[in-house]
Amino acid sequence: MLASLAYTESNFDTTVVSWAGAKGLMQLMPATARAMGVPPGKEQNPEESIKAAIKYIMATDRSFSMIPDKQERLNFILASYNAGLGHIYDAMALAEKYGKNKLVWKDNVENFILLKSNEEYFTDPVCKNGYFRGIETYNFVRNIMSRFESYKKKIKS
C-alpha cells in the first residue's frame, strides 16, 4: 500500500515538489511533515518521508474509527491523505443527508466528494469546509487501490 501511495504521490522521485508545496516521496505538506516529526530540511529524505506518512496514516485511521471495516476505512484514509479530513467529513455529511451510507466510500461518499465542486453542495449547511474539486481525490483513491491490488498479485505470499 505504501509503495502504491508513494508511486501515485511522487513517482518514487524524492526531489519532487508539488504546485501546492508538498515535498518528497510521500508528498507531505511542510506543516504536516513538521507535525509528524520531520526535522526542518529533511522533507525530501525518503526515510523521514515514509515514517511521517505512516504516522499521518495512523492518526487518520483513528479519525475514521467509526468505520468498522478496515478495508473500507482504508479508502477514507487515502481520500483524507489527498483532500484533508475536513472535505472527507463534508462528503460523509452530504452522503448521510442524501440517504447514502456515510461509512462506505465507493458509490457513496466518493460521489459526494465529486459534488463538492458544485455550489449547491459546497454551500450546504452540512459542509463546513467549502468548495473542493474532488475529481483528483476520487481518482487518487481508485488509482491507489487498483495499483495496490496489482502489486499484491505480483508478490508471492
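The values are calculated or read from the model by the stated rules, or taken from the named source; none is laboratory data. Computed from a predicted model, the values in this text were never measured in an experiment. When we count neighbours, we look across all protein chains shown, and the Cβ atoms used for this are built from the backbone with ideal geometry, even at glycine.
Descriptive notes on the structure:
- Condition check for Met58: buried (at least 16 other Cβ atoms within 10 Å of the Cβ) and not assigned by TED's automatic domain parsing to the domain that holds Ile113: no
- Scan region 33-87 for residues that are out of contact with any Phe, Trp or Tyr (no Cβ under 8 Å at 6 or more places or on another chain), not small (Gly, Ala, Ser) and not in a helix (DSSP H, G or I) and the total you get is 10.
- Qualifying residue in region 29-45 (condition: within 22 Å of Glu149 (Cβ to Cβ) and at pLDDT 95 or above): no
- Residue list for region 111-125, restricted to those being outside any helix (DSSP H, G or I), surrounded by fewer than 16 Cβ atoms within 10 Å (Cβ to Cβ) and not small (Gly, Ala, Ser): Asn118, Thr123, Pro125
- Any hit, region 11-24, residues being of a type in the set (Asp, Glu) and modelled with pLDDT of 95 or more: yes
- Members of region 68-99 found to be buried (at least 20 other Cβ atoms within 10 Å of the Cβ) and either in the same structural domain as Ser4 (by TED's automatic domain parsing) or without any contact (Cβ under 8 Å) to a residue 24 or more places away in the chain (or both), listed by number: Ile77, Ser80, Met92, Ala95
- The residues of region 128-157 that are charged (D, E, K, R) and free of Cβ contacts under 8 Å to residues at least 60 places away in the same chain, listed by number, are Lys128, Arg133, Glu136, Arg142, Glu149, Lys152, Lys153, Lys154, Lys156.
- In region 100-127, residue nearest to Pro68 (Cα to Cα) [restricted to those that are among the charged types (D, E, K, R), touching a residue at least 24 places away in the same chain (Cβ under 8 Å) and out of contact with any Phe, Trp or Tyr (no Cβ under 9 Å at 6 or more places or on another chain)]: Lys106
- Condition met for Ser63 (within 22 Å of Ser18 (Cβ to Cβ) and free of Cβ contacts under 8 Å to residues at least 40 places away in the same chain): no
- Test: residue in region 88-110 that is touching a helix residue (DSSP H, G or I) at 6+ places or on another chain (Cβ under 7 Å), assigned to a helix (DSSP H, G or I) and of a type in the set (S, T, N, Q): yes
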